[in-house]
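First up is the structure itself, then whatever we jot down about it.
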Amino acid sequence: MINLIADLGAGLLTRLVQIGQALLMLLQAIFVQPKASSLPRLMQQLFVVGVQSLIIMLVSALFIGMVLGLQGYTLLSAYGSEQAVGQMVALTLVRELSPVVAALLFAGRAGSALTAEIGLMKATEQLASLEMFGIDPLHRIVAPRFWAGMISLPLLVAIFSLVGIYGGHLVAVDWLGVYSGSYWGNMQQAVDFNEDVLNGMIKALVFAFLISWIALYQGYSCVPTSQGISAATTRTVVYSSLAILGFDFILTALMFGGAV
Amino acid sequence: MATNGIINIRNVSFYRGDRVIFENLNCAIAAGKITAIMGPSGTGKTTLLRLIGGQLQPHKGQVLLFDQDIARLNRKQLNHLRARMGVLFQSGALFTDLSVFENVAFPLREHMNLSADELYNRVLLKLEAVGLRGARDLMPSQLSGGMARRVALARAVAMEPEIILYDEPFAGQDPIAMAVLQRLIKGLNSQMQLTSVLVSHDIAEACAIADQVILLGEGRVLAQDSPAALQASADPAVKQFIHGEADGVIPFHFPALPLQEELRGQSK
């Protein structure tokens with residue numbers, strides 16, 4: 001029993017040390033005076049992290065919007081309220097599904113790639129080489145990737161919501177015959193910019209911070225072997241997914257819990 | 001502080017967990033010479049190179065570079081010192097997203113304020129010195145292992161450093177590439193009046209170009225002398241390593257129980 005408690009304590013201490021190290025890494029990387037020469041590197045990372053994640057986001061958003069349209073119509077038509085399907089699709093997407101699903105996809109698509117890339121740079125001594133040229137790898141490698149994640153995900157979430165709403169329109173209006181005016185009109189009446197859109201964007205920012213931080217730390221601190229990089233990439237996806245779902249509940253409770 | 005080399009290792013101890021890598025290690029590397037650091041695998045040759053480069057800090061003792069204790073330098077001072085030093089990593093460590101030209105130009109763009117023409121000419125001259133001027137537009141993934149190491153060598157000398165550290169430059173190279181690298185290291189050392197530190201366990205190749213050899217083993221310096229003197233040494237450990245003998249004072253087997261005790265179903 002004592003051993004069990006000691007093991008738990010040791011495990012907890014190790015985790016706390018890791019969180020401390022990860023925090024230090026992030027602070028060292030991001031608290032640096034921006035230079036004009038860093039801009040092309042940020043643009044390149046915005047392309048890799050953001051633009052290259054666009055296709056998977058667009059396709060997923062379209063299908064999720066279509067499913068919401070179909071499910072919403074089936075459910076609401078039983079009560080003769082199918083005209084409210086637009087409001088249901090929009091609120092579900094803007095408040096919950098867009099930030100959460102886009103973040104989960106982002107963790108799988110961009111987060112894992114970031115970890116693998118930095119892990120391989122470590123394994124092939126590229127990070128050590130930068131250090132020997134007198135260049136801090138945290139500023140050169142970690143910082144642009146972090147800011148690219150912070151900028152990309154909120155934009156991807158906004159695009160996700162937009163495409164999802166059009167997906168819902170495609171099924172509910174174009175296929176099942178809900179009146180288009182009701183679809184858009186109810187949506188406009190029900191969706192509040194501060195309450196819904198802004199809160200969704202705050203969620204996206206928090207998730208972007210968590211995913212970028214986890215992915216970059218896992219890559220930077222991984223054991224530089226094929227097994228170590230593979231384990232770090234897996235940890236990025238698992239920890240990011242759990243963090244997204246856990247923080248989503250906390251944020252939802254803080255943002256919308258007052259009405260309960 | 002009185003010193004007797006451009007690089008001085010003073011009473012350095014370094015540990016990895018409970019494992020002792022160095023205990024009170026002392027050695028000096030002379031300016032303008034090629035020094036080969038040799039020893040069996042796992043004796044800390046690369047670790048010593050990283051201690052010299054300031055990538056690792058000793059747990060005890062001092063690493064003095066140009067008479068400065070590396071551990072006492074702040075990041076800016078360390079970076080300034082590193083600008084006087086080139087490193088050839090074992091893997092080459094070329095930046096995979098940059099072409100051969102851009103890899104060699106990288107340290108120049110970062111640290112020197114050269115005009116576009118000056119930079120172009122300097123990179124081309126460095127590539128010419130390693131025989132790869134024609135490969136300037138290739139990407140690292142298109143290079144063979146030997147070519148990648150030559151590009152890395154051109155990059156390491158691009159800033160015209162005073163010291164250059166080579167980590168296993170001959171490992172995994174074919175005989176032609178090995179001979180070319182030998183010639184390059186020797187040639188660059190004399191042309192640029194460099195101090196070269198070479199970590200290797202390719203005895204013949206390293207001894208052929210080295211002015212002095214530091215032989216590491218059991219966490220300390222086993223011998224430090226010219227290659228010829230080491231070849232003639234009667235010291236059992238030096239003799240065993242230099243002549244590549246399996247049996248001797250340097251154990252081939254990792255510490256373990258006697259084999260008879262570990263085999264299953266054997267009568268004791």
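Structure values in brief
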{"read-out": "Quarter of Cα convex hull surface for chain B, i.e. mean projection, nm²", "value": "18.0 nm²"}
{"read-out": "Fraction of accessible area attributable to carbon and sulfur, the protein assembly as shown (%, probe 1.4 Å)", "value": "61 percent"}
{"read-out": "Kirkwood Rh (inverse of mean 1/r, distinct Cα pairs), the stretch A:41-254, angstrom", "value": "18.3 Å"}
{"read-out": "Summed side-chain charge close to A:Phe256 - residues other than A:Phe256 whose Cβ falls under 14 Å, Lys, Arg +1, Asp, Glu -1", "value": "-3"}
{"read-out": "Potential lengthening between A:Thr234 and A:Asn3 on full extension [0.36 nm per residue; Cα-Cα distance subtracted]", "value": "80.2 nm"}
{"read-out": "Candidates per chymotrypsin sites (Phe, Trp or Tyr not before Pro) in the stretch A:34-142, loop by DSSP, up to 15 other Cβ within 10 Å", "value": "A:Tyr79"}
{"read-out": "Choice from B:Leu153, B:Leu222, B:Leu127 with maximal GNM fluctuation in chain B (Cα, 10 Å cutoff)", "value": "B:Leu222"}
{"read-out": "Alpha carbon convex hull of the stretch A:8-150, projected area averaged over orientations, nm²", "value": "13.2 nm²"}
{"read-out": "Efficiency of FRET between B:His80 and A:Leu245 - r from beta-carbon atoms, R0 41 angstrom, step 0.05", "value": "0.30"}
{"read-out": "Candidate aspartates and glutamates - alpha carbon under 18 Å from B:Lys60, same-chain residues fewer than 8 apart omitted", "value": "B:Asp18, B:Glu23, B:Asp69, B:Glu218"}
{"read-out": "Approximate spin-label separation A:Thr225-B:Asn113, in nm, with each point projected 7 Å along Cα-to-Cβ", "value": "4.8 nm"}
{"read-out": "The protein assembly as shown - mean residue ellipticity at 222 nm from DSSP helices (-39,500 (n - 2.57) per run, n ≥ 4, rounded to 500)", "value": "-17000 deg cm²/dmol"}
{"read-out": "Equivalent ellipsoid dimensions for the stretch B:97-193 as semi-axes, Å, which come from the Cα gyration tensor, largest first", "value": "21, 16, 11"}
{"read-out": "Expected-Rg normalisation [2.2 N^0.38 Å, Cα atoms] applied to the protein assembly as shown", "value": "1.26"}
{"read-out": "Helix runs (DSSP H) in chain A reaching 27 Å along axis by Cα, Kyte-Doolittle at least 1.0", "value": "A:2-30, A:54-77, A:143-169, A:199-221, A:226-256"}
{"read-out": "At least 40 Å² accessible surface lost relative to isolated chain, residues of the stretch A:124-142 (1.4 Å probe)", "value": "A:Glu125, A:Gln126, A:Ser129, A:Glu131, A:Met132, A:Phe133, A:Gly134, A:Arg140"}
{"read-out": "Formal net charge of residues neighbouring B:Leu222 (Cβ-Cβ distance under 12 Å; K, R +1; D, E -1)", "value": "-1"}
{"read-out": "Buried on assembly, the stretch B:94-136 (at least 40 Å² less accessible surface than by itself, 1.4 Å probe)", "value": "B:Phe95, B:Phe106, B:Glu110, B:His111"}
{"read-out": "For chain B, built as a Gaussian network whose Cα springs stay under 10 Å, the top-fluctuating residue of B:Pro258, B:Pro140, B:Pro58", "value": "B:Pro258"}
{"read-out": "Span per principal axis, largest first, for the Cα atoms of the stretch A:146-258 (Å)", "value": "58, 35, 22"}
{"read-out": "Within straight-line cross-link reach of B:Lys126, lysines at Cα separation under 25 Å, skipping those fewer than 8 residues along the same chain", "value": "B:Lys33, B:Lys186"}
{"read-out": "Cα convex hull of the stretch A:46-123, projected area averaged across orientations, nm²", "value": "5.7 nm²"}
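The values are calculated or read from the model by the stated rules, or taken from the named source; none is laboratory data. This one's a predicted model, so the numbers in the text were calculated from it and none came from an experiment. Here the Cβ is made from the backbone with ideal geometry for all residues, glycine too, and neighbour counts use every protein chain on show. Just so you know, the surface numbers come from the protein's heavy atoms only, side chains and all, with ligands and any DNA or RNA stripped out. Shrake-Rupley method; radii C 1.70, N 1.55, O 1.52, S 1.80 Å.
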